[in-house]
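Visitor: Dropping a structure here in structure tokens format, bear with me for questions.
What follows is calculated from the coordinates using simple rules that are stated; it is not laboratory data. Bear in mind the structure is a predicted one, so any value in this text is a computation, not a measurement. Don't worry about glycine lacking a Cβ; one is built from the backbone with ideal geometry, like all the others, and counts go over all protein chains shown.
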Ligand code: FES
């Protein structure tokens, strides 16, 4: 069985750990290059902006939300999984 892999950007916002797919669904811009209070942006490419908490689209040109993941800390390690 082959498993798919995804690059994930993990960001600590206040006390919360947020995780979004690192490559923008529009054209692959890296989200790890631009974050602020509650948002992430693929600044070097198109500067679309997404809500860190849930990946919802704040500003395009992207037209869809960014995949986001559930996170938790277990035995000192960050665990990330797809939302159900
Ligand atoms: S790469 Fe993100 S909007 Fe184009």
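Visitor: I'd like to compare 38-47, 52-61: which one has the highest average count of other Cβ atoms within 10 Å, and what's the full order after that?
Guide: Put in order of decreasing packing, that is 38-47, 52-61.
Visitor: Largest first, please: the extent of the C-alpha atoms of the chain along each principal axis, to the nearest Å.
Guide: 38, 37, 22
Visitor: Further question: Stretch residue 79-residue 6 to full length: gain in nm at 0.36 nm per residue minus the Cα-Cα span?
Guide: 24.9 nm
Visitor: Across 10 Å bins from 0, what is the distribution of all Cα-Cα pair distances for region 19-59, in whole percents?
Guide: Going from the shortest bin to the longest, the percentages are 36, 62, 2.
Visitor: Now for a different question. Between residue 33 and residue 53, 0.36 nm times their residue separation minus their Cα-Cα distance comes to what?
Guide: 5.5 nm
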